[in-house]
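Worksheet: the structure to be examined is printed underneath.
The values are calculated or read from the model by the stated rules, or taken from the named source; none is laboratory data. Computed from a prediction, not measured in an experiment: that's the story for all the values here. So basically every Cβ, Gly included, is an ideal-geometry build from the backbone, and we count neighbours across all protein chains shown. The area values use the complete protein model at the heavy-atom level, side chains included, leaving out ligands, DNA and RNA. Shrake-Rupley method; radii C 1.70, N 1.55, O 1.52, S 1.80 Å.
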2 protein chains.
Amino acid sequence: MGAGNQQGRSDALGHYVAGFVDGEGSFHVAVQRNPSARWKWQVIPEFHVSQNDGNQHVLELIKQTLGCGYIKPNHRNSKDRTYVLVVRDRTDLATKVVPFFRAYELKTTKRADYERFGQVVEMMMEGQHLNPNGLREILKIAFQMNQAGARRRMSLDAILADLEPSETVRRTLTQVG
Amino acid sequence: MGAGNQQGRSDALGHYVAGFVDGEGSFHVAVQRNPSARWKWQVIPEFHVSQNDGNQHVLELIKQTLGCGYIKPNHRNSKDRTYVLVVRDRTDLATKVVPFFRAYELKTTKRADYERFGQVVEMMMEGQHLNPNGLREILKIAFQMNQAGARRRMSLDAILADLEPSETVRRTLTQVG
């Protein structure tokens, strides 16, 4: 197969994956309270695609096309037979997932989530989540995603009000001061 | 834009649409009792893709890429804000939809539904649904689709047992005999 054909084949797959993910994929930033995190709250960007039993080969194809991620059963209850492709590794998100969908563009309203997701990943690669101003900014962006946080358990304001230095950070601040 | 670029662009769209439809599309053969149909039962192949409010532009793009179909609100209840692209025209199905997904292949288990759908459309283009043997064959194929007819209200056997010539057919048969 010539280089041109290979490029054509990988382009075909890229566009297919963009279409599939536009329907079935999800860009999400989980927000979790974690007492050992620097500011008690942790942000975890995650890309995933789920599919019913029998279609793991398509998740495998997407995994290969993106060059990252892992597939696991998503069996939340005994009736759930779906599988999910997950990418949580921050470097993979920054160097593979985000650039991929810049090359193969999403066309639904999911694209706005992807854009915000890309911002969050970039800010975290710069370590901005480690300082309270950066973390606040990231939380605000995260809460604009996925129908403006309609499915979140806590409000943005409640989380922002709850940000506080962990024991370790407090100790360090005391030592510095 | 050169012809090569145009081809590249339309190919990109084709693969995108295949990926999107593999997740969100549906190939279905409705089976309805209709006293005025030749054998009292009617088979209606339908291709559709639905999307939530805000993504009608993607349905429009798919409609343009396929070159057929129409978009309508799919508001089955007051909460339902989805829209649906529908292709029911048999000639459009035979000359546009079925060949499209031969060129831009589906990769999920939906592909098996598509293959059966293509068979049904072809048999109907040949008029096989107009004779009882052909209609029986079509019904059998239709019942293998979409999780083997799990969501059908009547069983295949019950429908096959209920096939009978309509008034018009009976009159014609009497005249011929």
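I'd like to verify a number: residues in region B:26-74 that are more than 30 Å from B:GLU164 (Cβ to Cβ) and hydrophobic (A, V, I, L, M, F, W, C), how many?
Residues meeting the conditions: 8.
Condition first: touching a Ser or Thr at 6+ places or on another chain (Cβ under 7 Å) and not aliphatic (A, V, I, L, M). Can you find one or more residues in region B:86-96 that meet it?
Step one: of region B:86-96, the residues touching a Ser or Thr at 6+ places or on another chain (Cβ under 7 Å) are none.
No; the residues of region B:86-96 include none that is touching a Ser or Thr at 6+ places or on another chain (Cβ under 7 Å) and not aliphatic (A, V, I, L, M).
Okay, residues lined up against (1) open to solvent by less than 40 Å² (accessible area, probe 1.4 Å); (2) of a type in the set (A, V, I, L, M); (3) closer than 19 Å to A:ARG111 by Cα:
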site: B:GLN6; (1), (2), (3): no, no, no
site: B:SER10; (1), (2), (3): no, no, no
site: B:TYR16; (1), (2), (3): yes, no, yes
site: B:VAL21; (1), (2), (3): yes, yes, yes
site: B:GLY25; (1), (2), (3): yes, no, no
site: B:ALA30; (1), (2), (3): yes, yes, no
site: B:ARG38; (1), (2), (3): no, no, no
site: B:PRO45; (1), (2), (3): yes, no, no
site: B:ASN52; (1), (2), (3): no, no, yes
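Out of the strands (runs of 3 or more DSSP E) lying entirely within region B:1-91, which hold 1 or more residues that are away from chain A (no Cβ under 13 Å) and in contact with a Cys (Cβ under 6 Å, 6 or more places away or on another chain)?
Correct list: B:82-87.
Criterion first (at pLDDT 95 or above, open to solvent by 50 Å² or more (accessible area, probe 1.4 Å) and more than 23 Å from B:LEU106 (Cα to Cα)) does A:LYS96 satisfy it? Talk me through it step by step, then tell me what you get.
Details: at pLDDT 95 or above: yes; open to solvent by 50 Å² or more (accessible area, probe 1.4 Å): yes; more than 23 Å from B:LEU106 (Cα to Cα): yes.
Criteria met by A:LYS96.
For residues that are surrounded by fewer than 17 Cβ atoms within 10 Å (Cβ to Cβ) and touching a residue at least 24 places away in the same chain (Cβ under 8 Å), tally how many sit in region A:66-83.
Of the residues in region A:66-83, 4 are surrounded by fewer than 17 Cβ atoms within 10 Å (Cβ to Cβ) and touching a residue at least 24 places away in the same chain (Cβ under 8 Å).
What's the number of the only condition in (1) away from chain A (no Cβ under 12 Å); (2) open to solvent by 60 Å² or more (accessible area, probe 1.4 Å); (3) of a type in the set (Val, Ile, Thr) that B:THR109 fails to meet?
(1) is the only condition that B:THR109 fails.
Residue-wise test of (1) open to solvent by less than 90 Å² (accessible area, probe 1.4 Å); (2) out of contact with any strand residue (DSSP E or B) (no Cβ under 7 Å at 6 or more places or on another chain); (3) under 30 Å from B:LEU59 (Cβ atoms).
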site: A:ALA103; (1), (2), (3): yes, yes, yes
site: A:PHE117; (1), (2), (3): yes, no, yes
site: A:HIS129; (1), (2), (3): yes, no, no
site: A:MET145; (1), (2), (3): yes, no, yes
site: A:GLY149; (1), (2), (3): yes, yes, yes
site: A:SER155; (1), (2), (3): yes, yes, no
site: A:PRO165; (1), (2), (3): yes, yes, no
site: A:THR174; (1), (2), (3): no, yes, no
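Looking at (1) without any contact (Cβ under 8 Å) to a residue 40 or more places away in the chain; (2) closer than 27 Å to B:ARG152 by Cβ, which is the only condition B:LYS63 fails?
Only one criterion is unmet by B:LYS63, namely (2).
Is it fair to say A:LEU139 is buried (at least 16 other Cβ atoms within 10 Å of the Cβ), touching a residue at least 60 places away in the same chain (Cβ under 8 Å) and closer than 22 Å to A:PRO35 by Cα?
Details: buried (at least 16 other Cβ atoms within 10 Å of the Cβ): yes; touching a residue at least 60 places away in the same chain (Cβ under 8 Å): yes; closer than 22 Å to A:PRO35 by Cα: yes.
Criteria met by A:LEU139.
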